[in-house]
1. Please tell me if Ser71 is small (Gly, Ala, Ser), surrounded by 16 or more Cβ atoms within 10 Å (Cβ to Cβ) and more than 9 Å from the chain's Cα centre (by Cα).
2. For Ile124, all conditions in the list (1) hydrophobic (A, V, I, L, M, F, W, C); (2) touching a helix residue (DSSP H, G or I) at 6+ places or on another chain (Cβ under 7 Å); (3) closer than 30 Å to Lys51 by Cα hold save one; what is the number of the exception?
3. Does Glu93 count as surrounded by 12 or more Cβ atoms within 10 Å (Cβ to Cβ) and closer than 29 Å to Phe26 by Cα?
4. Here are Ile135, Ile102: which of them is buried (at least 17 other Cβ atoms within 10 Å of the Cβ) and modelled with pLDDT of 95 or more?
5. Residue by residue through region 82-111, note down the ones that are free of Cβ contacts under 8 Å to residues at least 60 places away in the same chain, under 17 Å from the mean Cα position of the chain (by Cα) and part of a loop (DSSP other than H, G, I, E, B).
6. Of all residues being under 17 Å from Ser131 (Cα atoms) and among the aromatic types (Phe, Trp, Tyr) in region 19-66, which is surrounded by the fewest Cβ atoms within 10 Å (Cβ to Cβ)? Just the residue, please.
Amino acid sequence: MKKLFIVLILIIGFLRVNAQYSEPDFIKTSKGNILIQPVLHSSLIIKWNQKTIYIDPYKELEIYKEYPNPSLILITDIHGDHLNIKTLETLVENKTTILAPIAVKEKLPDNLKLKTMVLNNGEIKNLMGISIEAIPMYNLPENDQSRHLKGRGNGYVLKIDNKKIYIAGDTADIPEMRNLKKIDIAFICMNLPYTMDFETAADAVLDFKPAIVYPYHFRGKDGFSDVEAFKALVFEKNPDIEVRLRIWYPEN
């Protein structure tokens with residue numbers, strides 16, 4: 001009886017931990033579903049065709065234990081909420097490839113540099129049947145005091161089978177984002193003073209018209225951006241754009 005009680009406590013504890021996270025979403029392709037798992041702030045997991053991709057993993061989170069170690073890791077920038085060496089060292093295996101801009105690679109220890117392929121703005125690599133293009137991400141106005149300088153970090157466009165996924169990274173309302181075409185899924189940041197406010201983010205989304213949008217990376221200096229208001233603004237002007245609100249801050 002005592003053993004049963006202990007098991008029940010452990011199960012309840014497990015469920016409580018995992019209940020903090022959103023359930024994964026599934027996007028249909030001709031070669032199987034794309035799984036999308038929101039994790040934390042700018043971190044997410046994409047799984048497709050027996051390949052697991054981690055974007056900006058940081059912190060030692062229980063949810064990582066539910067997924068295979070990554071086949072591929074994409075890192076957008078040098079800041080600690082995108083680049084966490086301790087986390088990388090717990091996740092990287094022999095078959096893991098890290099894809100990152102040169103500024104990120106330069107900050108890695110030698111053991112992780114050996115696993116890293118450089119992809120800078122405007123470049124494209126094809127890995128594991130997936131096309132990955134590095135898109136600029138930067139602050140406006142462009143100047144030496146910017147937290148995110150043009151050319152240092154990457155946004156990414158992934159083409160997985162017939163779906164295009166845009167991961168914005170830390171960016172302002174830049175023309176390279178507004179000029180994107182035929183994006184099926186977009187992860188859009190909105191947190192001042194680091195990126196843009198939710199009104200600006202909504203206006204940009206209405207311009208390049210992704211089919212599905214996930215507001216993410218929305219914890220700023222003064223708290224959380226109003227993602228409900230973002231959703232309302234987008235729906236008011238274009239109800240065909242689906243805004244998906246998910247749990248990105250399970251620790252709160």
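1. For Ser71, the condition - small (Gly, Ala, Ser), surrounded by 16 or more Cβ atoms within 10 Å (Cβ to Cβ) and more than 9 Å from the chain's Cα centre (by Cα) - is met.
2. Unmet for Ile124, out of (1) hydrophobic (A, V, I, L, M, F, W, C); (2) touching a helix residue (DSSP H, G or I) at 6+ places or on another chain (Cβ under 7 Å); (3) closer than 30 Å to Lys51 by Cα: (2).
3. Working: surrounded by 12 or more Cβ atoms within 10 Å (Cβ to Cβ): no; closer than 29 Å to Phe26 by Cα: yes.
No, not satisfied.
4. Ile135
5. Within region 82-111, Leu83, Asn84, Pro101 qualify.
6. Here the answer is Trp48.
The values are calculated or read from the model by the stated rules, or taken from the named source; none is laboratory data. These numbers come from a predicted model, not from an experiment. Here Cβ is always computed from backbone atoms with ideal geometry, including for glycine, and neighbour counts include all displayed protein chains.
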